[in-house]
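Working notes, structure below.
The values are calculated or read from the model by the stated rules, or taken from the named source; none is laboratory data. Treat the numbers as computed from the prediction; the structure is a model and nothing was measured. Here the Cβ positions follow ideal geometry from the backbone for every residue, glycine too, while neighbour counts run over all protein chains shown. Quick note on the areas: whole protein, heavy atoms, side chains included, nothing else; ligands and nucleic acids left out. Shrake-Rupley method; radii C 1.70, N 1.55, O 1.52, S 1.80 Å.
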Amino acid sequence: MRSLAFAVAYWVMSVFYALACALAALAPGRGPLAWMLRLYTRRMLWAMHWLAGIKVDVAGKDRLPRGAFIVAAKHHSWGDGFVMFAHVPNLVFVAGDHLERIPLLRGVLRKFGAIMVDNCGGPEARRALAERAAAAHADGRRILIYPEGNLAKAGERFRYRTGVYYMYRDFDLPVVPVATNLGLFWPQEDFKKNPGRATVEFLEPIEPGLSRGEFLARLEGAIETRTQELIAQATGEPARPSILVPAPDEVARAAAQAT
């Protein structure tokens, strides 16, 4: 019943706030739209807590730098995105361009300044990421990116992609890794929600100046190690290394090559 109640609330609020955001996008400036989006994410956290029974503890906010920075987060479900927008002001996000195909969202995303890229990667996707991220950086905004590019199951990881490194290098900004065990309670896009106490934790920032290999190793190590520790704390089982699995686009490419 909790999962059903949350699903109803999720869709009702999502449709309502999509319409509200579409109207807010017509107003001058980005302020009304940003306010509406933040209100939506806070309402969703309320629904997660009181309907789905998922209480989210947010740790490490004192580690967030002042001014502009990049947030590189573990991505278990839509829920961790709600946490980011509810707790990090002046945030813009990197997302797959499939979201632009959802009615009403295209204009909202463009007005908000969302950085839309092709999840399949390639030179064109990297150029688009660089150009749109540069525009967000010029506005002094914080940038949220999911380095794996996809929703991962709790205990699994995808290959960390290099886009976050190039933003880190080109903009000379600190990167804040984010770990979570939310996937235990809201797994990816599953209908069923599992009541419990989840954690989203901001980790120590990675300061500018590292090489690509050093940066990616440190980022992945920080996120995956702490994520597995949080999973162990919630389950009462020993912490184990996450399992590397192929990303959906990698599976699709391999299947295409095999035919």
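Name the residue that is nearest to residue 59 (Cα to Cα), counting only residues in the stretch 157-204 that are of a type in the set (Asp, Glu) and within 16 Å of the chain's Cα centre (by Cα).
Here the answer is 201.
Taking residue 18, is it outside any helix (DSSP H, G or I), closer than 29 Å to residue 196 by Cα and small (Gly, Ala, Ser)? Outline the logic, then answer.
Values: outside any helix (DSSP H, G or I): no; closer than 29 Å to residue 196 by Cα: yes; small (Gly, Ala, Ser): yes.
So residue 18 fails the test.
Does residue 8 satisfy the criteria of being under 20 Å from residue 111 (Cβ atoms), in a helix (DSSP H, G or I) and open to solvent by 20 Å² or more (accessible area, probe 1.4 Å)? Break it down into steps so the answer makes sense when it comes.
Details: under 20 Å from residue 111 (Cβ atoms): no; in a helix (DSSP H, G or I): yes; open to solvent by 20 Å² or more (accessible area, probe 1.4 Å): yes.
Criteria not met by residue 8.
Please find, among 95, 86, the residue that is modelled with pLDDT of 80 or more and open to solvent by less than 20 Å² (accessible area, probe 1.4 Å).
Details: 95 fails: modelled with pLDDT of 80 or more.
Of the residues listed, the single one that is modelled with pLDDT of 80 or more and open to solvent by less than 20 Å² (accessible area, probe 1.4 Å) is 86.
State whether one or more residues within the stretch 76-91 are within 22 Å of residue 5 (Cα to Cα) and part of a strand (DSSP E or B).
Yes, some residue in the stretch 76-91 is within 22 Å of residue 5 (Cα to Cα) and part of a strand (DSSP E or B).
Of all residues in the stretch 24-82, count the ones that are among the aromatic types (Phe, Trp, Tyr) and open to solvent by 40 Å² or more (accessible area, probe 1.4 Å).
Narrowing the stretch 24-82 to residues among the aromatic types (Phe, Trp, Tyr): 35, 40, 46, 50, 69, 78, 82.
With the extra rule that they be open to solvent by 40 Å² or more (accessible area, probe 1.4 Å), the set shrinks to 35, 46, 50, 78.
The number of residues fulfilling the criteria is 4.
For the stretch 132-153, check the following and say yes or no: at least one residue is small (Gly, Ala, Ser), over 16 Å from residue 93 (Cα atoms) and at pLDDT 75 or above. Let's see the steps before the verdict.
Step one: filter the stretch 132-153 for residues small (Gly, Ala, Ser), giving 133-136, 138, 140, 149, 152.
This time we only want the ones that are over 16 Å from residue 93 (Cα atoms), so: 152.
Retained after the next criterion (residues that are at pLDDT 75 or above): 152.
Yes, that holds for at least one residue.
When you scan the stretch 44-68, how many residues do you find that are within 14 Å of residue 2 (Cα to Cα) and in a loop (DSSP other than H, G, I, E, B)?
Residues flagged as within 14 Å of residue 2 (Cα to Cα) and in a loop (DSSP other than H, G, I, E, B) within the stretch 44-68 amount to 3.
What number goes with the only condition from (1) within 30 Å of residue 208 (Cβ to Cβ); (2) surrounded by fewer than 16 Cβ atoms within 10 Å (Cβ to Cβ) that residue 15 does not pass?
Only one criterion is unmet by residue 15, namely (1).
For the stretch 150-259, which fully contained helices (runs of 4 or more DSSP H) count at least 2 residues that are open to solvent by less than 50 Å² (accessible area, probe 1.4 Å), without any contact (Cβ under 8 Å) to a residue 60 or more places away in the chain and touching a strand residue (DSSP E or B) at 6+ places or on another chain (Cβ under 9 Å)? Don't jump to the end; show me each part of the working.
Working: elements: 163-171, 212-235, 248-258.
Answer list for the stretch 150-259: 212-235.
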